[in-house]
């Protein structure tokens, strides 16, 4: 179930004041540090000191919009607080620094570091308070959506498990089922009566959402009557189609004359403007890093690689790219030259890795040459990670929709990687999980999502990723 489906006005209502307080805290922190920091009087830093209040406001707003609040999830805890605080503070600093054009000035760098640490601490404390307030509000029945499920087939039971056990944005309270087959219900579910009692129950109880799994094709009059009751009582009605046996994708509907057509997938990057925006960002971002940081990193890696083992600095390998076309992907070599490079994945204690190569993998520095692939157009900064040709051929036989992940350019980092699907895949289930994340990214792409993935990738690289081996 897509979590975004069940956002409510009540959730958005208390997110707005939280974001306002975010902006106030970040602005206050910036103004205080700016007043006590000893700037050198260069032209750029005079601009930073006198006119950058506009930039910090814009940066804070953009960071808040990109790092959407996750503290209202039912499973939110300390990890959510830390992630939210680090993501917001890091993105604020990145946007602010780039907008001021003094990212590599030494003194400005110290100021950004101090501001970033201060923002992370302040936002961590603030989000901890927010989490406590949300939990307190739920004790008094706030942010709670009362739900009723009509029908008790397998789809209805799956929804019940999602609403009661899943990590939804809202605290759902399932009042029970209205069904003519109460024997289908699990032991922790309540039967509210037969389907014929739907109008009576809805009229006499506080209900926000009704989820109906009754097939409208065979019970048109019944479903229409339930919809009419919901509309008259200002209750949101959701229909639960039985998609078992069909491809599990984000279906969208369109009209061709009087005929309703179901589209299997909506791909935002199929829009030429979105594709142009993504490609423009890829060229500018990769070109900037290739002209600034990459030469220094290359010299460091060149020396380390040559001292650790004989062989080339770069590792070049055929990978599967956009629409199944292969390309030569670049990496810094982290292993001794071996005959299994195009067939075997790296394992945690892989004897082929050099000591210096292990450091490159742990820090993800080995992936940086792919900025060249991005600049040339074979890859994107964000997208599904490219796999070896051997693995593409292997997994496409066993995993449904595996090849769908090649509908966009492969990425240097991706949605699957920041959600734990990185590195070695030991079985088909792990690869299938990665494919699900990749397809979700394709169907939900946005520029803000790309920026969020980049920010979280940087955070994981700094804090250390256990799967980076």
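The values are calculated or read from the model by the stated rules, or taken from the named source; none is laboratory data. Quick caveat: nothing in here was measured; it's all calculated off a predicted structure. Positions of Cβ are generated from backbone atoms using ideal geometry, with glycine treated the same way; all protein chains shown enter the neighbour counts.
Table for the structure above
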{"read-out": "Any chance residue 382 is closer than 25 Å to residue 328 by Cα and more than 14 Å from the chain's Cα centre (by Cα)", "value": "no"}
{"read-out": "Flag if residue 285 is part of a helix (DSSP H, G or I), in the same structural domain as residue 329 (by TED's automatic domain parsing), without any contact (Cβ under 8 Å) to a residue 12 or more places away in the chain and at negative phi", "value": "no"}
{"read-out": "One residue from 318, 231 being in a strand (DSSP E or B) and either at pLDDT below 90 or in contact with a helix residue (DSSP H, G or I) (Cβ under 8 Å, 6 or more places away or on another chain) (or both)", "value": "318"}
{"read-out": "Identity of the residue in the stretch 405-418, part of a helix (DSSP H, G or I) and touching a residue at least 60 places away in the same chain (Cβ under 8 Å), that ends up surrounded by the fewest Cβ atoms within 10 Å (Cβ to Cβ)", "value": "407"}
{"read-out": "Residues of the stretch 419-430 satisfying the condition of being at negative phi and either part of a loop (DSSP other than H, G, I, E, B) or modelled with pLDDT of 90 or more (or both)", "value": "419, 421, 422, 424, 425, 426, 427"}
{"read-out": "Hits in the stretch 183-198 (condition: touching a residue at least 24 places away in the same chain (Cβ under 8 Å) and over 14 Å from residue 151 (Cα atoms))", "value": "188"}
{"read-out": "Condition met for residue 442 (modelled with pLDDT of 85 or more and under 15 Å from residue 267 (Cβ atoms))", "value": "yes"}
